[in-house]
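The values are calculated or read from the model by the stated rules, or taken from the named source; none is laboratory data. The shown structure was predicted, so the numbers you read here are calculated from the model rather than taken from an experiment. Backbone-built Cβ (ideal geometry, glycine too); neighbour counts: all protein chains shown. Please note that ligands, DNA and RNA were not included when accessible areas were found on the heavy atoms of the full protein model with its side chains. Shrake-Rupley method; radii C 1.70, N 1.55, O 1.52, S 1.80 Å.
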Amino acid sequence: MAPGYKKKKKKKAAKGSPVDKLTDDILTDIISRVPYKSTCCCKCVSTRWRNLFFHPDHRKKLPQPLAGFFHQGYNMNRSPSFAQYFTNVSGKGYPLVDPSLPFLPKYECLDILDCCNGLLLCHCWKATDPKTVDYVVCNPATEKWTVIPATDWSSKVQIACLGFEPTVSSHFHLFEFIDEEAWGLDESERGECDDRIETLAIYSSKTGVWKHHSLDSYMFSIPENAKGVFFNGILHLATSYASISILAVDVEGNDWWLIDTPLPPYNDYARDDAIFVSQGQLYITDNTAGSDSSELSIWALEDYNTGKWTLKHNVSHLELFGARCSSSADHFNVVSFHSEHNMIFIVGGHENTLMSYDMDRRKLCFICQLGRDCRLLYVRTPYLPYVPLFSEALADG
């Protein structure tokens, strides 16, 4: 080697794949465009990818995991006797959301009626006029809220649902089901079906007005505290009369129909409002507690046009809870489906124990006890699953 000659250093090859060279902003934009189930799998690629879902600058674009459940409780020795709760899905730590929603204006009483893709629908009574109510739609993650003008029947309505799909539009819809009693019909004018739905009112945040649709030609009722499911621009809600069906209605109220279910006619054992959506599919559950069969059946709607249902899972109460947990088997409800996995959440037993059940592994896991207060006096307590939405936009806000 000649004197003074310096050997050139070879450049080191860049490590990693071409994807590693992408900025976080570009990578987030790409992940946000893939189907939801694939998006959830992205969390397992690397620590960097997983952290994108929780970073304040990027989580607005990415779907979030289930945070927990809103639910109500009753205690006659407490004032006020009704209370709102939020339980983390882990069952541990302080509630991730303050169930009193302190960022809202001050109201005499507030009920959380529905939760849809990160937005809450609240029924609020004013202290100055107990007969006057407001509908309030809010986002607990951003503390944005807007007041919806009430109808003449809002103070008497028992069933109101929210429809919102942030991947489609920032606007939302409010569905108000007005039964014969709220409508003002006397007993001589009412049909054979108790509390039959007389009118459907739909509010659009885009137009800012209510539209009313008469349902005179149909005969059905909706169980009190029934939980609706908004999926693919359609609201789904259980109805009951001679049999259990699912009411499907679009946001305009122009296209709606009844979907027959494989569930038996209404009886004390049938859970007639257990409709859920998971992994892009609609499910309904049948809990025959106390009957001779004593089993939990889970059905999936395979075809909208034909109304074809497929039995996806079936488990006896004895296998589900074991011989030592007979109290849970006698009194339990399926309250939610996991959005990413074949897993359901159950509340049962005298202490209202929150549990998860993995259908693939057929394994039940105890999460926490909610306590005996977490039950309404005469009706079922709706458990509303909450997934945070960090988008700043609220159409009317």
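General remarks:
- Calculated from backbone phi, Karplus (6.51, -1.76, 1.60) coupling profile of region 85-94 in Hz, x at Gly/Pro: 10, 9, 10, 5, 5, 7, x, 10, x, 5
- Ordered by solvent-accessible area of protein heavy atoms (1.4 Å probe), largest first, the residues 144, 308 come out as 308, 144.
- For region 133-146, backbone phi angles converted through the Karplus equation (6.51, -1.76, 1.60; θ = phi - 60°) give residue-by-residue couplings of 10, 10, 8, 10, 9, 9, 10, x, 5, 10, 6, 8, 7, 8 Hz, Gly and Pro being listed as x.
- Net charge of neighbours whose Cβ lies under 11 Å from the Cβ of residue 84, counting Lys and Arg as +1 and Asp and Glu as -1: -2
- Accessible area in the full protein assembly, largest first, 1.4 Å probe, for 169, 278: 169, 278
- Karplus-derived 3J(HN,Hα), 6.51/-1.76/1.60, for each residue of region 166-179, Hz, glycine and proline x: x, 6, 9, 7, 7, 8, 10, 10, 10, 10, 10, 9, 9, 8
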